[in-house]
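The values are calculated or read from the model by the stated rules, or taken from the named source; none is laboratory data. Owing to the predicted nature of the structure, the values given are computational and were not obtained by experimental measurement. Because the Cβ atoms are built from the backbone with ideal geometry, glycine has one as well, and the counts that use them run over all protein chains shown. Ligands, DNA and RNA are excluded from the accessible area calculation, which covers all protein heavy atoms including side chains. Shrake-Rupley method; radii C 1.70, N 1.55, O 1.52, S 1.80 Å.
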Amino acid sequence: MKPSKPSVYLHPVSLVGAGPGDPDLLTLRALKRIQAAEVILCDDLVDPRVLALASPQARLLYVGKRGGCVSVPQRFIHELMIREARSGARVLRLKGGDPFMFGRGAEEVDALRAAGLEVEVVSGITAGMAAPASIGIPVTDRRHAPGVAFVTGHSRAEAGPGEGPDWAALARSGLTLVIYMGLARVEALTASLMAAGLSAETPAAAIASAHTPQQSQLLCTLGELAAQLQAQALCSPAILVIGQVVSQAQGLRELSLACARA
Ligand code: SAH
């Protein structure tokens, strides 16, 4: 698309993080942008309670994409945002969590800028922080880990060898591993971590639909994670956490005992 000059009459497009679920976790700036928006392009991970904060006059366009389902092509989303913004509307691109955490936010910013539009990014609380914290897991507790790695468990369908996370390197890193989109490939990725030397006894957690009324979680070990996820039928969206910090989770003992009894 040919870049054109930014127009002073156009509003910047706001790329806003809606947080993991509960609207209490929105930033004040996100709330202001949601209330002022005239057109909202929304992902399917955005909580309906957040959308309810929009003006009743706002036009809501769902452009979500979920793993395995037919999705709205990314190029179409770009074109729609550009068209609406050029018509002079206050356009809000609302994304679950933080817009720059695995949300294709960067590609959208590039497309908008290439079209000569101004973009404002409003950070949100990412699920990778909020989900572990919701059950008391401090992802960088220095007594257990020197840091944290946020990684995807779902590499691009067309990913070639060497693309996607280097599980063997992560296994040796000592970092807490926070894995997004990991449910579908949990068996393979936990096997790779153990093959690279990470102990099967390493504490592990899965937190599904964090900060929503449907939240559920399980605590077990790396070696049990894939089987436990299947046994307890935890559904997407879920965050996986692997590392000693998981031992800090609230009620770990009670939950692990329940896990062992199940
Ligand atoms: N931008 C989002 C992440 C988009 S990728 C963010 O910052 O949170 C989508 C993945 O995020 C899901 O597959 C899941 O792994 C995770 N996720 C999003 N919302 C979640 C929630 N409420 N609870 C648990 N995991 C969630």
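Data overview
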| item | result |
| --- | --- |
| Residues of segment 118-127 satisfying the condition of being open to solvent by 40 Å² or more (accessible area, probe 1.4 Å) and within 15 Å of the ligand (Cβ to nearest atom) | VAL121, SER123, ILE125 |
| Lone unmet requirement of (1) at pLDDT 95 or above; (2) in the same structural domain as MET194 (by TED's automatic domain parsing); (3) not aromatic (Phe, Trp, Tyr) for VAL119 | (2) |
| Complete set of residues in segment 66-103 that are more than 22 Å from THR212 (Cα to Cα) and surrounded by 17 or more Cβ atoms within 10 Å (Cβ to Cβ) | ILE77, HIS78, LEU80, MET81, ILE82, GLU84, ALA85, ALA89, ARG90, VAL91, LEU92 |
| Candidates ALA106, ALA130, ALA115, filtered to the one that is in contact (Cβ under 8 Å) with a residue 12 or more places away in the chain and either more than 8 Å from the ligand (Cβ to nearest atom) or in contact with a Lys or Arg (Cβ under 9 Å, 6 or more places away or on another chain) (or both) | ALA115 |
| Candidates GLY164, GLY243 - the one that is closer than 24 Å to THR126 by Cα and at pLDDT below 95 | GLY164 |
| Test: residue in segment 69-87 that is on the phi < 0 side of the Ramachandran plot, within 16 Å of the ligand (Cβ to nearest atom), in contact (Cβ under 8 Å) with a residue 60 or more places away in the chain and part of a loop (DSSP other than H, G, I, E, B) | no |
| ALA204 surrounded by 17 or more Cβ atoms within 10 Å (Cβ to Cβ), closer than 25 Å to GLY103 by Cα, within 11 Å of the ligand (Cβ to nearest atom) and in the same structural domain as ARG143 (by TED's automatic domain parsing) | no |
